[in-house]
Amino acid sequence: MFSMIDAIAERGEGLFLLLGRLAIGALFLPTGWGKLTNPAGFAEHLAHAALPGPAIAWAVLAGVVEFFATLAIILGFKIRLAAALLFLFTLAAAYLGHPYWTMADATARMANHIHFWKDIAIAGGLLFLFVRGAGPLSLDRR
């Protein structure tokens, strides 16, 4: 049975890597586009974070990184750089966006705990993409 699973994975490697890249894209591309097209809205959210400099600058940077790194991942272009940038972005989003360890309200703490660790899991997937590459169905073709 295990050899059959290995054979399926090996034969479908290119397709499975493409589907994984598309799944990442489905998560990040719309939110990256939202940040790019409305940086002021995201800047309001960032105003509560303890970031140096103006929140609007961070909002623009976040939109550019999230949207264009995700687009590169979907296309399989410069995949390692894109995955590394989105990995760092996701870690920052987890830390800044879901600081459950600071929350007194139990419901908010639990919800943010879940979201924090989901972000960490997504970052783990991005590490796999960083190491493995985009696969043959990509602009990089590796």
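The values are calculated or read from the model by the stated rules, or taken from the named source; none is laboratory data. Just so it is clear, the structure is predicted and the values come from calculations on it, not from any experiment. Positions of Cβ are backbone-derived with ideal geometry, glycine not excepted, and every protein chain shown enters the neighbour counts.
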Output the residues belonging to segment 42-90 that are hydrophobic (A, V, I, L, M, F, W, C), within 19 Å of Val131 (Cα to Cα) and touching a Phe, Trp or Tyr at 6+ places or on another chain (Cβ under 6 Å).
Ala83, Ala84
Residue list for segment 89-142, restricted to those being aliphatic (A, V, I, L, M) and touching a Ser or Thr at 6+ places or on another chain (Cβ under 9 Å)
Ile120, Ile122, Ala123, Leu126
Quick check on Ala92: is it assigned to a loop (DSSP other than H, G, I, E, B), at pLDDT 95 or above and of a type outside the set (Asp, Glu)?
no
So which pairs qualify, if the first residue must be in segment 77-106 and under 24 Å from Gly20 (Cα atoms), the second must be aromatic (Phe, Trp, Tyr), the Cβ gap must be under 6 Å, and the two must be at least 6 apart or on different chains?
Arg80/Phe130; Ala83/Phe130; Ala84/Phe130; Ala94/Phe116
Scope segment 118-142; condition hydrophobic (A, V, I, L, M, F, W, C), touching a residue at least 12 places away in the same chain (Cβ under 8 Å) and assigned to a helix (DSSP H, G or I); matching residues:
Ile120, Ile122, Ala123, Leu126, Leu127, Leu129, Phe130
Among (1) in contact (Cβ under 8 Å) with a residue 24 or more places away in the chain; (2) under 10 Å from the mean Cα position of the chain (by Cα), Leu51 falls short only on (2)
Within segment 93-105, residues surrounded by fewer than 17 Cβ atoms within 10 Å (Cβ to Cβ) and either under 12 Å from Ile122 (Cα atoms) or polar (S, T, N, Q) (or both) come out as Thr102
Say we look at segment 106-142 and pick out the residues that are out of contact with any Gly (no Cβ under 9 Å at 6 or more places or on another chain) and among the small types (Gly, Ala, Ser); which of these is surrounded by the fewest Cβ atoms within 10 Å (Cβ to Cβ)?
Ala106
Is it true that Phe68 is part of a loop (DSSP other than H, G, I, E, B) and either hydroxyl-bearing (Ser, Thr, Tyr) or surrounded by 14 or more Cβ atoms within 10 Å (Cβ to Cβ) (or both)?
no
